[in-house]
Each structure stands twice: as C-alpha cells, then as structure tokens.
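Below: the structure, in structure tokens.
The values are calculated or read from the model by the stated rules, or taken from the named source; none is laboratory data. Just so it is clear, the structure is predicted and the values come from calculations on it, not from any experiment. Here Cβ is always computed from backbone atoms with ideal geometry, including for glycine, and neighbour counts include all displayed protein chains.
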Amino acid sequence: MATFRSASVLLSSDGIRTPGTAALFAEPARRGGIPPWAGDFRLANSAGNGLKNAVGKTFTLELPDGSSGKVVVQSLKNGKGGVVLALMGEDAPPF
C-alpha cells in the first residue's frame, strides 16, 4: 500500500484554491486495473471553515511536486483539530 502525506491544495472547478495537508493511500490494483486510492484532507488554519458544501463534489488535488489528481469529497468532519474532508480518488493516484 503506497502512502503519501504532505501540504497540498484543493482546487475547485471555479478556481478557488484551498490549502491543507493531504494524507493519502493507494491499494494494489485488481486484475491489472487502476489502483484505488483515497485519504483525508485537513484544511490549513488559513482556510477557515471553507468548503462547507463540498460533499459529493469533484476537486483537483494538487501536490507539491506539481502532480495532481481528481478527487470526490465523501464526507466532511468538524472537530477541535479543524475541518477534515474524506477523499476518494479518481483515475490513477498522483503520488
């Protein structure tokens, strides 16, 4: 299982950039297919409480090395550690 954790940016379809930290993992591909991947995205303190209506929407996740991948927000949790989005990747993992 490949893992990745780093500062990243979620880019919405209308061009809004939301900074945060992505913690991602990929599982082995089944029968030669594309490996499924998912993870969490913790919004940076500077992002405030943005992305309140993000569940079910598709975003582009930009990684520090310039690679990117499409993700769908599965859920949103507010806690004392901040806002955390559960992500499900589309296509091949960018890490």
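Check whether at least one residue in segment 11-25 is outside any strand (DSSP E or B), surrounded by 15 or more Cβ atoms within 10 Å (Cβ to Cβ) and touching a strand residue (DSSP E or B) at 6+ places or on another chain (Cβ under 7 Å), and report yes or no.
Within segment 11-25 (the criterion being outside any strand (DSSP E or B), surrounded by 15 or more Cβ atoms within 10 Å (Cβ to Cβ) and touching a strand residue (DSSP E or B) at 6+ places or on another chain (Cβ under 7 Å)), the answer is yes, since at least one residue qualifies.
List pairs: first residue in segment 35-52 and under 16 Å from G82 (Cβ atoms) and assigned to a helix (DSSP H, G or I), second residue at pLDDT below 90 and of a type in the set (V, I, T) anywhere in the structure, Cβ distance under 8 angstrom, at least six positions apart or on different chains.
Going by the 8 Å Cβ cut-off, the qualifying pairs are A47/V83.
Residues to consider are A92, A86; find the one that is part of a strand (DSSP E or B), in contact (Cβ under 8 Å) with a residue 24 or more places away in the chain and surrounded by fewer than 19 Cβ atoms within 10 Å (Cβ to Cβ).
Selected residue: A86, the only one of A92, A86 that is part of a strand (DSSP E or B), in contact (Cβ under 8 Å) with a residue 24 or more places away in the chain and surrounded by fewer than 19 Cβ atoms within 10 Å (Cβ to Cβ).
What number goes with the only condition from (1) part of a loop (DSSP other than H, G, I, E, B); (2) more than 15 Å from D14 (Cα to Cα) that Q74 does not pass?
So the condition that Q74 fails would be (1).
Checking L61 against (1) at pLDDT below 95; (2) surrounded by 13 or more Cβ atoms within 10 Å (Cβ to Cβ), which test does it fail?
(1)
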